[in-house]
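Before any comments, here is the structure.
What follows is calculated from the coordinates using simple rules that are stated; it is not laboratory data. Just so it is clear, the model here is predicted, and its values are computed rather than measured. Reconstructed Cβ throughout: ideal geometry from the backbone, glycine too, with neighbour counts over all protein chains shown.
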Amino acid sequence: MNRRMDTFLEKKDFPTASQIVARVEKLVSLPKAIQRILQEIDSQKATVTSIAETIATDPPLAARILRLSNSGFYARGEKANNIGTAISRLGLKEIRNIATTTIMATMTTKSQNQAILQELYKYSVMSAATTNVVLRYAKAANQQDKEIPFYTSALLHDLGLFLLHRFEPKMIEHCMAIARQEKQQLIDVELNEFGFHHGKLGAMAIQRWRLTECESNVCEWHHTPNSGPQRYSIPIYVVHFADYLMRYVVPSDDIKLMVSTLAPETFDVLAIDPDQITEILHDARHEIKKAQELMAAIQS
């Protein structure tokens, strides 16, 4: 069957990754308060007072953090009535997670593809929750720096798909149609049709937003972990494995096209016992349910 159906586009019609990122920068800017929070936490100079002052400049984010700190997941004793108490209760890492989740949530609004973007957002949260579970089983991860942003790296790993669905929907629909018809992996189709894949696109956006090198590298290499830089090998393989497990957590034909097959060396790199897969999946489903409840609290 000739794949060049009328709905397909010619390669000359596609913008480059740089052109898409430039358009994103022009149309979507991170809230300044969130940028400052992320940069301050990542600089390791943050204090509860300095973060509280920054969060106070973004009332919706401040209200969200207060609600979450007083939710059943975190509330301990007296109610938190101020941002400082909420930050102390949640911890800076959780504040960073909330801020990054807010970035992804903003991607789902004011778009013709809002329904698809919301599903991608939910998928990203589930992948991040599954990453937390993988970390408990991956002995190799125990030797990693405690400051490595595993959760947010997983949350952002499919940022490129968000950008394509929001800003270039015809491009991604074109590739999905080919992938479905020819039973190919989506990134292979993207490389053939665009000359880049959504992981590279997302990594470029993360760099422009001045987020961490870890998040950028995980985004770019999670489909092909053995090609990524050694420095970020463990977080890349952790997210790669968590992403692979989503085939079983959210079984669908499209998920199988989006998620690469598992790199054969993954179990050895992460020091995970293959016989624990069933147990990992069980724990992942429990963690996902908890994450979804937290997501509802954040968005409420």
The ³J(HN,Hα) series, computed from each phi in region 140-157 with the Karplus coefficients 6.51, -1.76 and 1.60 at θ = phi - 60°, rounded to the nearest Hz and given as x for glycine or proline, is 5, 6, 5, 8, 8, 4, 5, 8, 4, x, 4, 4, 6, 4, 5, 4, 9, 4
re region 29-106: pairs of Cα atoms spaced beyond 22 Å account for a percent value of 15 percent
Once the dipole of the chain is set up from charges on Cβ (+1 Lys and Arg, -1 Asp and Glu), the residue from the list M246, T49, L281 lying farthest towards its positive end is T49
For K289, counting only aspartates and glutamates whose alpha-carbon sits under 17 Å away and dropping same-chain residues fewer than eight positions off, the answer is E119, D243, E279
For region 183-188, in residue order, the Karplus 3J(HN,Hα) values (coefficients 6.51, -1.76, 1.60; θ = phi - 60°; whole Hz; Gly and Pro = x) are 6, 10, 5, 4, 5, 5
Taking a label point 7 Å from the Cα of T16 along Cα-to-Cβ, the residues of region 194-238 whose backbone nitrogen sits under 17 Å from it are 194-198, 200-205, 208
Per the chain, sqrt(5λ) over the Cα gyration tensor eigenvalues, sorted largest first, in Å, gives 32, 23, 18
Helix-only [θ] at 222 nm, the chain, -39500 (n - 2.57) per DSSP H run of 4+, per residue, nearest 500, equals -20000 deg cm²/dmol
Expected sort for 149-158, 186-195 on mean C-beta neighbours within 10 Å, highest first, is 149-158, 186-195
Karplus-derived 3J(HN,Hα) from phi for region 237-249 (6.51 cos²θ - 1.76 cosθ + 1.60, θ = phi - 60°), whole Hz, x at Gly and Pro, runs 5, 4, 5, 4, 5, 4, 5, 4, 5, 5, 4, 9, 6
Placing each pseudo-label 7 Å from Cα in the direction of the beta carbon, Q184 and T106 end up separated by a distance in nanometres of 3.5 nm
The longest stretch of the chain containing none of the trypsin sites (Lys or Arg not before Pro) that sit in a DSSP loop with at most 12 other Cβ atoms within 10 Å is 211-300
FRET efficiency (R136, V250; Cβ distance; R0 25 Å; to 0.05) is 0.75
